[in-house]
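Report on the structure given below.
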Amino acid sequence: MTAPVITIATPADRFAVVGSLVAAFVKDPVLRHLFPDDATYPRYAATFFGNLFDRRVHRSSIWTIGSGASVAIWEPPAESPAAGHGSPAAGHGSPAEVRYPADVRARVQGYDEAVHAALPTYPFWYLGVLGTHPDSAGRGWGRVVMRVGLARAAADGLPAILETSNPANVELYRRAGWEVVGSLSEPVPTWIMQQSPR
């Protein structure tokens, strides 16, 4: 089997990346807490991931396989946590920048603040989003594309941090070398995980 080709995302990949992530996270506990309505989930989730992509694409820290079918969006440690280095909610732009209804904006901000408070204060590479389009699931691409950011973190001598609200993912990440270093019970049960540089 040929090894998958990993590329750094460019603005031209935005549509494919956002589409993959909207499809990949349709049952994710955090995304469904933020955007619970089936009718508006596709639009709000696309806004969420689109803003996240726009903030990170020029930092050359979004890696993809299959032209966006599998995506790892990383945040390098150049910014301090206070500058918005935190959760996916922090990474997508401040709630004031994104046009959500007031109730959605409040949920996004509440989740962002809760995760931000639980993140380490020391420098780290942050895996904000890891997702694979359902049509490409089961190929191991997520783990492959994740490893590129882990290698960058290790080259910097820094740990990598992520958070997940999906209990099944905790064991998957553990098998990939991550360990739980914290958790949240509200607004959504969430595990903070770290991988030390190897």
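None of the figures in this text is laboratory data; all of them are computed from the coordinates on show. Owing to the predicted nature of the structure, the values given are computational and were not obtained by experimental measurement. Glycine also receives a Cβ, built like all others from the backbone with ideal geometry; neighbour counts cover every protein chain displayed.
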Identify which of Leu184, Leu31, Leu21 has the largest mean-square fluctuation in a Gaussian network model of the chain, with springs joining Cα atoms closer than 10 Å.
Leu184
Of Tyr41, Gly157, Ile6, whose Cα points farthest to the positive end of the dipole of the chain (charges on the beta-carbon: +1 Lys, Arg; -1 Asp, Glu; origin at the Cα centre)?
Ile6
Relative contact order (%) - criterion: Cα under 8 Å, at least six apart; region: the stretch 106-168
43 percent
Relative contact order of the chain, please, whole-number percent, based on alpha carbon pairs below 8 angstrom and at least 6 residues apart.
22 percent
Checked against the positive end of the charge dipole of the chain (+1 on Cβ of Lys and Arg, -1 on Cβ of Asp and Glu, about the Cα centre), the farthest of Asn166, His116, Leu184 is Asn166
Report P(r) for the chain: all Cα-Cα distances, bin width 5 Å, range 0 to the bin holding the largest distance, values in whole percent.
1, 8, 17, 22, 23, 18, 9, 2, 1, 0
Express in nm, to one decimal, how much length is gained between Val144 and Arg174 on full extension, taking 0.36 nm for each residue of separation and deducting their alpha carbon distance.
9.3 nm
So what is the calculated 222 nm ellipticity per residue for the chain, using -39500 (n - 2.57) for each DSSP H run with n of 4 or more, over all residues, to the nearest 500 deg cm²/dmol?
-12000 deg cm²/dmol
What dipole magnitude, in Debye to the nearest 20, does the stretch 6-152 give about its Cα centre under +1 on Lys/Arg Cβ and -1 on Asp/Glu Cβ?
320 debye
Give a residue-ordered list of calculated ³J(HN,Hα) values for the stretch 166-173 (Karplus: 6.51 cos²θ - 1.76 cosθ + 1.60, θ = phi - 60°; whole Hz; x for Gly, Pro).
9, x, 5, 6, 4, 5, 4, 5
